[in-house]
Every structure is written in C-alpha cells, then in structure tokens.
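> Dropping the structure in here first, questions after.
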Amino acid sequence: MHNIVKLFLSFFKIGAFSFGGGYAMLPLMKETVIDQHKWLTNSEFIDILAISEMTPGPIAINMATFLGYRVSGILGSIVATLSVILPSFIVMSLIFYFMNKFKDSPYSDYFFKGIRPIVLGLIASAAISVAVDAYIDVKAVIISILIFYLVAFKKLNAIYAIVLAGIIGAIVY
C-alpha cells in the first residue's frame, strides 16, 4: 500500500507541475522515477520512453501506466495513470469556468503568452536530457541524425522512421 501512495503522490506532482504535455514532463518524471525513488535506471527510463513514444496515446500517460505496473502491478498502473491526468482535469475544469468569466480580459492573453517560453524551455531540457542519456556511441548518433533528417526534411512518416531505425540498428549492431 505504501508504494501505491508513493505512486499517486509522485505522478500527481508530475501532472500538476508540468506544463506543455508529455515531453515537458520528462525532466520531472526522470528526477522522480530515477533519482528520488530509484524505480528505474537511466537506460530503463530511455527504453520505457521509446516504448511510450511508439504506443498510441499521450507519452506521459503511457509512461505512468507502464511505471505504475512495474512498481505495483495492475493497481499501480491504474493509480499512476489516473493521478497523472487528475491535475490536468482539475485545471482544465477551472480554466473552462474562469475563461468564460474573463474571456475578454487582456490578462488571460498575457498569462498564456508568458507560459510559452517556459514550455519551450521544459521541452528543450527534456530533449537534451534524453539525448545525453541515450548516447551510446558514434553509430547511434549517426542513426539519430539520419532519422531526424528524414522525418524533419523529407517528411518521412514517424512509424516508418521507427521501423527504419530499428532495422538500421539491427544491421549495425
């Protein structure tokens, strides 16, 4: 039961203090899961991140579901998943209520414009953190650059990019 409470509090905190979606949640999730509770190692975190990206649905919810299962089975999965989405549900309900009251106020525009740089910084921090931990060797960096180029500039479908990266990795390693 102690792990269930830890899961709830940890993922509620992650959901409550991470603005900008799943990638913005990664630094806080990494700190909580690896550094604070030692539920995973860095390499396990990267593996779960990769699986969560490939699985349909929001990345943070997929990671919470998997980590909850890893820590406390099915009940842990349910608790972690619900606790990571509960803050967003509460906040969105409050925003809906207050946006209707203050929709013409310039302060609401200022608030949302002020949050944008924070979200960008969180996402950049997550990208750098994952890139540093995912570094294996020069071959992995070359594969990453190739896949990035194909997705960003040649508009390769993400699913094909994942399959292609797996094939290249299997051949190279």
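> Taking VAL91 as the residue in question, decide whether it is loosely packed, with under 12 Cβ neighbours inside 10 Å and under 19 Å from the mean Cα position of the chain (by Cα).
no
> Related question: Every residue in region 130-173 that is touching a residue at least 60 places away in the same chain (Cβ under 8 Å) and among the acidic types (Asp, Glu), please.
Answer for region 130-173, where residues must be touching a residue at least 60 places away in the same chain (Cβ under 8 Å) and among the acidic types (Asp, Glu): just ASP133.
> Restricting the search to region 66-77, which residues are in contact with a helix residue (DSSP H, G or I) (Cβ under 7 Å, 6 or more places away or on another chain) and crowded, with 16+ Cβ neighbours inside 10 Å?
Once the filter is applied, which keeps residues that are in contact with a helix residue (DSSP H, G or I) (Cβ under 7 Å, 6 or more places away or on another chain) and crowded, with 16+ Cβ neighbours inside 10 Å, region 66-77 yields PHE66, LEU67, GLY68, TYR69, VAL71, SER72, GLY76, SER77.
> For region 1-41, enumerate the residues that are touching a residue at least 24 places away in the same chain (Cβ under 8 Å), closer than 15 Å to TYR69 by Cα, open to solvent by 20 Å² or more (accessible area, probe 1.4 Å) and part of a helix (DSSP H, G or I).
Of everything in region 1-41, those that are touching a residue at least 24 places away in the same chain (Cβ under 8 Å), closer than 15 Å to TYR69 by Cα, open to solvent by 20 Å² or more (accessible area, probe 1.4 Å) and part of a helix (DSSP H, G or I) turn out to be ASN3, ILE4, LYS6, PHE8.
> So if I check each of ILE167, ILE171, ILE143, which one is surrounded by 12 or more Cβ atoms within 10 Å (Cβ to Cβ) and at pLDDT 85 or above?
Only one candidate qualifies: ILE143.
> Quick one: which of GLY114, GLY121 is over 24 Å from ASN42 (Cβ atoms), part of a helix (DSSP H, G or I) and out of contact with any helix residue (DSSP H, G or I) (no Cβ under 6 Å at 6 or more places or on another chain)?
Just a single option satisfies the conditions, and that option is GLY114.
> Only one of VAL33, VAL5 is within 30 Å of ASP137 (Cα to Cα), of a type outside the set (Lys, Arg) and at pLDDT 90 or above. Can you tell me which?
VAL33
The values are calculated or read from the model by the stated rules, or taken from the named source; none is laboratory data. Computed from a predicted structure; not experimentally measured. A quick note on method: Cβ atoms are made from the backbone with ideal geometry, for glycine too, and the neighbour counts reach across all protein chains shown. Only protein heavy atoms, including side chains, enter the accessible area calculation; ligands, DNA and RNA are left aside. Shrake-Rupley method; radii C 1.70, N 1.55, O 1.52, S 1.80 Å.
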